[in-house]
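Peer 1: Below is one structure. I have some questions about it.
The values are calculated or read from the model by the stated rules, or taken from the named source; none is laboratory data. Since this is a predicted model, take the numbers as computed values, not measurements. Glycine also receives a Cβ, built like all others from the backbone with ideal geometry; neighbour counts cover every protein chain displayed. For the accessible areas, the whole protein counts, side chains as well, though only heavy atoms, and no ligand, DNA or RNA atoms are used. Shrake-Rupley method; radii C 1.70, N 1.55, O 1.52, S 1.80 Å.
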Amino acid sequence: MKKLMTLALLAMMAIGAQAEEKIDSAASNKPVFTTIKENPITSVKDQNRSGTCWDYSTLSFFEAEILKATGKTYDLCESFVANKTYMERAIQVVRYHGDCQFAQGGSAEDVLATLKTHGICPEEAMPFPGSLYGDSLNNFNEFFSLLEPYVNAVATSKAKKISNQWKPGLQGILDAYLGQCPEKFTYEGKEYTPKTFVQSLGINLDDYVSITSYTHHPFYSTFAVEVQDNWRFPQSYNLPMDEMMQVIDNAIDKGYTIAWGGDVSEDGFTRQGLAYAIDTKKTESLQGSDMARWLKLTTAKKKNLLDSLGCTVPEITPTQEMRQERFDNWELTDDHGMLIYGVAKDQNGKEYYMVKNSWGETGDYKGTWYMTKTFIAANTMDFLINKNAIPKDIRKKLGI
């Protein structure tokens, strides 16, 4: 009996020691950041339960552009952009008889197109997100459960001819959940229309271009990146991966931000505010296991392992070929938009981009994500940038 009690006590001490070792390991491996360059941005917003990261991230980009150009801070209205965009996307779906996607998602081009075509208004000129249906923030669950079947019913109608009355009906749904877009409003004592307001912001909407990097189109040419939310088919300039990354670094160095779109579905993108392009083969080998075991681990156990490794987690070395293969086999997807606005390094000298998210002040860094340069190189779909932020030699190659 005493022997059993002794063994039990020793086992408990061993478990406690292992737990303490894991805690100490996680604490010592938690990144400690030193800011290298941080460009001014506006406050963190919360898209809440809506698929509007494209809207929030790109308006954040334009707010930062205005701040850089004029020193003025604006809070531009995401609901205005969403209202105009969803109507225009519905029109396209109807024109294609339903042979394209109607969804909550979008791209940076949707925001740029709205600014050019319709203008913009400040946040205060429309109802606060969610307020029209009694919520404190956006919640598109009920909204899109009405909107999607409505558009689909029109687009797949068996009628030989449809009337234009579906548009006022759809506009009614948009206005009920997002608010009616104002024709005129007063801001800081002056009356504007959305078009005169955008003209007053101090930026040139012709200065913005999209950058990507894939080998299925020639480098230094343009093409529309083949993802469903790229429904306007905007042209992106195609650069080799290394030059794509040079553009990002030069932009930050010169005081610009980047409206980034890419893949955050990987295990290395955490809810705590970090993103690593994890090399799973090296990671599992560090634990003395094999790949089969790694693949069988639950999400929670993988998270615990990755948390314990922290900033020492092994990362892949991204290549052009790897980017193309992952794009073609659907691993590299277009699922989130964010705003890159700075560079920092951890205690080991590894460099990260400072990235503004639109999930409110969540995570360990209150709405900022620290994403390694390796993660961005591997997971970028495309990004919107001021053409003046592109290095001169690359601009020359692109003819801009």
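Peer 1: Leaving ligands and nucleic acids out of the surface, order 145, 79 by accessible area at 1.4 Å, largest first.
Peer 2: Ranked from most to least accessible, the order is 145, 79.
Peer 1: Could I ask something else about it? For the stretch 243-400, compute Rg over Rh where Rg is the Cα radius of gyration and Rh is the Kirkwood radius from the inverse mean 1/r over Cα pairs.
Peer 2: 0.99
Peer 1: Please name which of 193, 69, 82 has its Cα lying farthest along the dipole of the chain towards the positive end, using unit charges on Cβ (Lys, Arg +1; Asp, Glu -1) and the Cα centre as origin.
Peer 2: It is 82.
Peer 1: With Kirkwood radius over Cα pairs in Å as the read-out, I listed (1) 23.2; (2) 21.6; (3) 30.3; which label goes with the value calculated from this structure?
Peer 2: From the options (1) 23.2; (2) 21.6; (3) 30.3, the structure gives (1).
Peer 1: Mean separation of Cα pairs under 8 Å and 6+ residues apart, divided by the residue count of the stretch 105-196: what relative contact order is that in percent?
Peer 2: RCO, the stretch 105-196: 37 percent.
Peer 1: Also, quick follow-up: Mind checking the dipole of the chain: about its Cα centre, +1 per Lys or Arg Cβ, -1 per Asp or Glu Cβ, Debye to the nearest 20?
Peer 2: Computed charge dipole of the chain: roughly 280 debye.
Peer 1: Here is a follow-up. Note down the relative contact order for the chain as a percent, whole number, built from C-alpha pairs under 8 angstrom at least six residues apart.
Peer 2: 24 percent
Peer 1: What's the percent breakdown of Cα-Cα distances in the stretch 225-285 across 5 Å bins, shortest bin first?
Peer 2: Values per bin, smallest distances first: 4, 12, 14, 19, 21, 18, 9, 3, 1.
Peer 1: Taking the Cα atoms of the stretch 93-180 alone, what are Rg (to one decimal) and Dmax (as a whole number) in Å?
Peer 2: 14.7, 43
Peer 1: Hull surface divided by four, with the convex hull built on the Cα atoms of the stretch 13-167: how many nm²?
Peer 2: 15.8 nm²
Peer 1: Give the distance, in whole Å, between the Cα centre of the stretch 191-210 and the Cα centre of the stretch 65-95.
Peer 2: So the separation of the two Cα centres works out to 11 Å.
Peer 1: Could you sort the peptides 229-238, 90-99 by per-residue average Cβ neighbour count (10 Å cutoff), highest mean leading?
Peer 2: The packing order, highest mean first, is 229-238, 90-99.
Peer 1: What angle, in degrees between 0 and 90 and rounded to the nearest 10, separates the Cα long axis of helix 53-70 from the longest principal axis of the Cα atoms of the chain?
Peer 2: With rounding to tens, the tilt is 80 degrees.
Peer 1: In degrees between 0 and 90, to the nearest 10, how far off the longest principal axis of the chain does helix 140-155 point, with axes built from Cα atoms?
Peer 2: Its long axis makes an angle of about 50 degrees.
Peer 1: Computing the accessible area with a 1.4 Å probe over protein heavy atoms, can you report the carbon and sulfur percentage for the chain?
Peer 2: Solvent-exposed carbon and sulfur of the chain make up 52 percent of the total.
Peer 1: Output the peptides 389-399, 244-254 sorted from most to least packed, where packing is the average of other Cβ atoms within 10 Å over each peptide's residues.
Peer 2: 244-254, 389-399
Peer 1: Still on this structure: Mind ordering 339-352, 123-136 by average Cβ neighbours within 10 Å, highest first?
Peer 2: My ranking of the peptides, most packed first, is 339-352, 123-136.
Peer 1: Right, something else. Among the listed pairs 72/195; 72/345; 254/345; 45/68, give every one whose C-alpha distance is greater than 23 Å.
Peer 2: 72/345
Peer 1: Here is a further query. What do you get for the angle between helix 2-29 and the principal long axis of the chain? Use alpha-carbon atoms, 0 to 90 degrees, nearest ten.
Peer 2: 40 degrees
Peer 1: Relative contact order of the stretch 205-338, please, whole-number percent, based on alpha carbon pairs below 8 angstrom and at least 6 residues apart.
Peer 2: This gives 27 percent for the stretch 205-338.
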